[in-house]
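Below is one structure, written out as structure tokens; comments come after it.
Just so you know, all these numbers are worked out from the coordinates, no wet-lab data involved. Remember, it's a predicted structure, so these values are computed and weren't measured experimentally. Cβ atoms come from the backbone with ideal geometry, glycine included; neighbour counts cover every protein chain shown.
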Amino acid sequence: MTATRTTNGRAVCAERRQGLAGLLFLAGLVFANGASAAALDVAAEPGAFAAALARASPGDTLVLEAGVHEGPFVIGKPVTLEGVPGAVVDGKKQGNSLKITAPDVTVRGLKIVNSGRDLSQQHSGVFLDKGAHRAHIEDNVLEDNLIGVYLWGPDDAVVRNNHIRGLKDGHVNERGNGVQLWRTPGSIVENNHIRYGRDGIFVTTSKRNIFRNNTFEEVRFAVHYMYTHDSEVSGNISRGNHIGYALMFSRGLTVHGNVSDGDRDQGLALNYLNGSRIENNIVRGAGGKCVFIYNSNKNAFRRNLFKDCGIGIHFTAGSEGNALSGNAFIDNHTQVKYVGTREIEWSESGLGNYWSDNPSFDLDGDGIADAPYRPNGMIDRVVWAYPMARLLLNSPALQMLRWAQSAFPAIRPGSVRDSAPLMAPVMEEALDNG
């Protein structure tokens, strides 16, 4: 019995020693990790940045002091680059002001200026190379760079809360974009303010991207999509640009809650966009068209506000299978321009759209007009083909043609028909904000 007790006591002591050793080992790990995450001050003087980066270990923070840090610089370690107020990285118009090649790099709180000017070399304020996965570029000011931030192939990068001012000189096509993306799945661009340059955001050959809550001013296209799929554009504001949202050769996009305010040519421009949802957007005051749809198929347009444009919606080039319901077309000079030979239906499951120029009645009070709405007829087609014919709109000949078309529907050309037009807009909140 005594031997048994002695053996058990030794076992208990051994277990206690092992547990204590484990705790000491874990504490050592925590201490070692904490010790390795150092903050290195970087003076604004030649060679200081390179020396600090050479000393830095993964996870360290390089704190750039106030003043001009003359680049260009390359970051090849997973570190954080942080600026105190007044810290400037100056690329001296030589290549990329800041190039990142390592994963898990964060750049924040800096003013980054003066990239090179060669578009063929993609010179940028911040250039994220293919290995710069999970990079965070946030809370920076980028000015006088050809391209603001270029995501050239990294996965899951984030560009957030930056103020980006592009170039204003030269032809617009010779300028770079605010944020440019290529083959960068899972990356997010959000809460940035982008002004000047060519396009606000330009993306090509990518997937699963999110562009949200950005503001764009005085660029060509606010958002420009090419060959990018299964992505989201939400909560953005385009103000005074040539085109708000140019969505081309892409599929599976969710475009919701965006605003186009006073864009010159078009608010939404769809070219070979397929299988996408365009919902709860506001387009107002476009000098050309609220929406232009060209060869785009199987898209759903729901609860959008199209207001005060030259043309509410221009629909052409064999677009098939698109559903429109709950939209509001208000005070557009021409509500619909439809170029086609078939009659297409613009209501869905008994819910149509609101048309401010529809004089119909609702005798049964169900919120649906008693007669279908047809925005275009033969006279419209004549005017589109021969704009000078507008001078004859009130002539007896055209009035007779209007009467004949209404009396004999068989002579009606291909047109849009809304079988359940709404008597009031669905988007009351959008109207309040519009």
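Observations
- For THR205, the residues whose amide H sits under 5 Å from its own are MET226, TYR227, THR228, ignoring neighbours fewer than 5 places away on the same chain, with H placed 1.01 Å from N.
- For HIS69, the residues 5 or more places off, or on other chains, whose built amide H falls under 5 Å of its own are VAL88, VAL89, ASP90.
- Listed by Cβ neighbour count within 10 Å, with the fewest neighbours leading, TRP355, TRP152 appear as TRP152, TRP355.
- Between ASP156 and ASN295, the contour length at 0.36 nm per residue exceeds the Cα-Cα span by 46.9 nm.
- Relative frequency of Cα-Cα separations exceeding 34 Å in region 79-433, percent: 34
- Model label sites at LEU351 and VAL84, defined 7 Å from Cα along the beta-carbon direction, differ in position by 5.7 nm.
- Cross-link partners of LYS99 among lysines, defined as those whose alpha carbon lies under 29 angstrom from its own and excluding same-chain residues fewer than eight positions apart: LYS77, LYS111, LYS130, LYS168, LYS207.
- Fewest-first ranking of LEU167, LEU324, using other Cβ atoms within 10 Å as the exposure measure: LEU167, LEU324
- The distance linking region 241-318 with region 150-201 is 21 Å (Cα centroid to Cα centroid, whole angstrom).
- 3J(HN,Hα) along region 359-368: x, 6, 10, 10, 5, 8, x, 8, x, 10 Hz, from the Karplus curve 6.51 cos²θ - 1.76 cosθ + 1.60 with θ = phi - 60°, whole Hz, x for Gly and Pro.
- Taking the fewest neighbouring Cβ atoms within 10 Å as the starting point, the ordered list for LYS99, LYS289, LYS168 is LYS168, LYS99, LYS289.
- Overall form of region 187-325 per C-alpha gyration tensor (a/c, 1.5; a/b vs b/c): oblate
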